[in-house]
Amino acid sequence: MMNKCNKLSIAQLGPLLGLFLITIVLGVMSDNFFTLNNIFNLLRQVSVNALIAFGMTFVILTAGIDLSVGSTLALGSALTAGLLASGMDPFLAVCIGLLIGLILGAVNGLIIAKGKVAPFIATLATMTIFRGATLVYTDGKPITGLSDSFAFEMIGKGYVFGIPFPVIVMIVVFFSLFFVLRSTVFGRQVYAIGGNEEASKLSGIRADRVKIGVYSLTGMLSVLAGIIITSRLDSAQPTAGAMYELDAIAAVVIGGTSLSGGRGRIFGTLIGALIIGVIDNGLNLLNVSSFYQQIVKGLVILLAVLLDRKSKG
């Protein structure tokens, strides 16, 4: 019993202790790390990855994976930008964009749940399809000339009481999904499917519906992240979101969610996203080459996976 408690404590507190240590080390090495401007800039960058990673947490809890989130982000933001450039009301365009993300995610869910295709293969295929569709739609060029409305600019560049608006969006989404996972039937079904899908079906859970819902949620959150980037850059880039799936998966794994499903917390994912953001930000301040940054990030992910396997053993 005591051994089990120790493993639980390590799994839960490890990412938080890791974030604390990395923050202290980088803060000591860089004079600019703890400045208010840098912290807000760091949190703004983290918010995009965190939104995608929150959705990815649900997917991985069901023992799935979604490699298409970056391409979903690019296609959804490009279509939203196209609507804005045509003169559509920004509120309506953003709502349609989120609906597009939900539909793209549902397509993944349907292929996996109804087509019985492995999540890795299904989302690898849609990743390519969505990226190709983005390049076709944009003709490989950025979409510019978007809305100059205050509300749309607020999404990516605004502040509320001095806090960047994307950070507020991230916090609201975090607490909403925290409640869903912890206190709703849907949340318990997500854990049950990841723990033992056959047993969950025998207990009456409609696993197919839950999976479609989970992938739909992930698609919508990916497009929300894309809209934030589009607002911040005032343009939609056809290459947006490239490699974002790896950062999202890394945030989930570093945060302690098991890749085999059924075990993990969305709070851990938030910490994982912060760890990746702090490492990226700190190494940039130290003028470390992006090549070395990839190596450091890979080593952190590897360490997280090894700790996950050790905690199971």
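Once fully extended, how much extra length lies between Met243 and Ala85, figured as 0.36 nm per residue of separation less the alpha-carbon to alpha-carbon distance?
54.2 nm
Obtain the nm distance between the two label points defined at Leu36 and Ser260 by a simple spin-label model: each point lies 7 Å from its Cα along the Cα-to-C-beta direction.
My value for the distance between the label points is 4.9 nm.
Quick check on the chain: helices-only [θ] at 222 nm, where DSSP H runs of length 4 and up contribute -39,500 (n - 2.57) each and the sum goes over total residues. Nearest 500, please.
Value at 222 nm, helices only, nearest 500: -26000 deg cm²/dmol.
Let me have the relative contact order for the chain, percent, based on Cα pairs under 8 Å that are six or more residues apart.
Once normalised by length, the contact order is 35 percent.
For the chain, what size does the Cα cloud have along each of its three principal axes, sorted from largest down, in whole Å?
Answer, in whole Å and largest first: 62, 53, 36 Å.
Once you have the Kirkwood Rh of the range 152-224 from its Cα pairs, apply Stokes-Einstein at 37 °C and 0.692 mPa s and quote D in µm²/s.
Reported coefficient: 232 µm²/s.
For the residue pair Thr184 and Met154, what label-to-label distance in nm results when each label sits 7 Å from Cα along the Cα-to-beta-carbon direction?
It works out to 2.5 nm between the two label points.
For the chain, set up a Gaussian network in which alpha carbons nearer than 10 Å are linked by springs, and say which option among Leu202, Leu274, Leu110 fluctuates the most.
Leu202
Using the heavy atoms of the protein chains and a 1.4 angstrom probe, tell me the accessible area per residue for the range 37-311 in square angstrom.
Here the residues of the range 37-311 average 43 Å² of exposed surface.
For the chain, what are the DSSP H helices with axial Cα length of 30 Å or more and mean Kyte-Doolittle hydropathy of at least 0.0?
TM-like helix candidates: 2-29, 36-61, 90-113, 207-233, 290-312.
Zone of Leu306 (label point 7 Å along Cα→Cβ, backbone N under 13 Å): which residues in the range 244-267?
Under cut-off, by backbone N: nothing.
Relative to the Cα centre, what is the charge dipole magnitude of the range 37-311, using +1 at the beta carbon of each Lys and Arg, -1 at the beta carbon of each Asp and Glu, and rounding to the nearest 20 debye?
Dipole of the range 37-311, to the nearest 20 debye: 760 debye.
Run the 1.4 Å probe and let me know the accessible area of Thr23, rounded to the nearest 10 Å².
30 Å²
Can you tell me the FRET efficiency between Ser289 and Leu202 if r is taken as the Cβ-Cβ distance and R0 is 41 Å, rounded to the nearest 0.05?
The value I calculate is 0.20.
What residues of the range 69-84 lie in the reach of a label at Ile96, counting those whose backbone N is under 11 Å from a point 7 Å from the Cα along Cα→Cβ?
Hits in the range 69-84 for Ile96 at 11 Å: 79-84.
Using only the heavy atoms of the protein chains and a 1.4 Å probe, how would Arg182, Arg265 rank by accessible area, largest first?
Arg182, Arg265
Straight-line reach only, C-alpha to C-alpha below 18 angstrom: list the aspartates and glutamates that Lys157 could link to, leaving out same-chain residues fewer than 8 apart.
Asp148, Asp234
Please name which of Leu146, Ala248, Gly268 has its Cα lying farthest along the dipole of the chain towards the positive end, using unit charges on Cβ (Lys, Arg +1; Asp, Glu -1) and the Cα centre as origin.
Of the candidates, Gly268 comes out farthest on the positive side.
Return a whole-number percent for the relative contact order of the range 138-230, with Cα pairs under 8 Å and 6 or more residues apart as the contact set.
In percent, rounded to a whole number, it is 23.
Report, to the nearest whole %, how much of the accessible area of the chain belongs to carbon and sulfur atoms, 1.4 Å probe, protein only.
Within the chain, the accessible surface is 70 percent carbon and sulfur.
The values are calculated or read from the model by the stated rules, or taken from the named source; none is laboratory data. Quick caveat: nothing in here was measured; it's all calculated off a predicted structure. Note that each Cβ is placed from the backbone with ideal geometry, even for glycine, and that neighbours are counted across all protein chains shown. All accessible areas refer to the heavy atoms of the entire protein, side chains included, with ligands and DNA or RNA removed. Shrake-Rupley method; radii C 1.70, N 1.55, O 1.52, S 1.80 Å.
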